[in-house]
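Below is one structure, written out as structure tokens; the observations come after it.
The values are calculated or read from the model by the stated rules, or taken from the named source; none is laboratory data. Keep in mind the model is a prediction, meaning the values are calculated, not measured. Don't worry about glycine lacking a Cβ; one is built from the backbone with ideal geometry, like all the others, and counts go over all protein chains shown.
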Amino acid sequence: MIGIIMGSQSDLPIMQQAADFLKSLEIPYELTVVSAHRTPERMFDYAKTAKERGLKVIIAGAGGAAHLPGMVASCTTLPVIGVPILSSNSIDGWDSVLSILQMPSGIPVATVALNGATNAGILAAKIIGTSESEVSQKLETYQNSLKDKVLGTVDEIKKLHPNEFDK
């Protein structure tokens, strides 16, 4: 249902975060390496056949001169979520962020924070959740767990500092 692609194997530790989130919600995904610069034919084929293969969203992660998300977006009508990755050849990650963020009019790429693959997985699930009620329910449970986690932290702080805590 969701394609997760990256420019090289070195991006896998970051992109695995998106896969892990989708797996936790039992949302099917595929995961592979598709380089815009080293395997452009593979990239074009991946993007152009994504819809017929049943994909509904593509998450594309890349570092350095991060052309993968934008090039994929130019070849498909599916939503593409770009994950800028801080790579060894990167300029503090800004080159990746701007390469994905500054797309020309007509070829949008939703962009998450540097190394923000978990948020890319969440955003992809939210897109799927607009038409899949089961996914929407799982997202609601996930969001409630975040609230519960914060409130649990508040309770712990109150126990440690009962007279000093601002209510």
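Residues that are surrounded by fewer than 17 Cβ atoms within 10 Å (Cβ to Cβ) and touching a residue at least 60 places away in the same chain (Cβ under 8 Å) occur in the stretch 87-101; there is at least one. Taking the criterion of being surrounded by fewer than 21 Cβ atoms within 10 Å (Cβ to Cβ) and free of Cβ contacts under 8 Å to residues at least 60 places away in the same chain, the residues of the stretch 111-122 that qualify are A113, L114, N119. Listed by first and then second residue, the pairs with beta-carbon distance under 9 Å, at least 6 apart or on different chains, first residue in the stretch 58-81 and assigned by TED's automatic domain parsing to the domain that holds G121 and closer than 15 Å to A113 by Cβ, second in a strand (DSSP E or B) and of a type in the set (F, W, Y), are I59/Y29.
So, of the residues in the stretch 6-57 that are of a type in the set (V, I, T) and out of contact with any Ser or Thr (no Cβ under 7 Å at 6 or more places or on another chain), which turns out to be farthest from A120 (Cα to Cα)?
T39
Among the residues here, K56 qualifies as among the charged types (D, E, K, R) and in contact with a strand residue (DSSP E or B) (Cβ under 7 Å, 6 or more places away or on another chain). The set of residues from the stretch 1-34 being surrounded by 18 or more Cβ atoms within 10 Å (Cβ to Cβ) and small (G, A, S) comprises G3, G7, S8, A18, A19.
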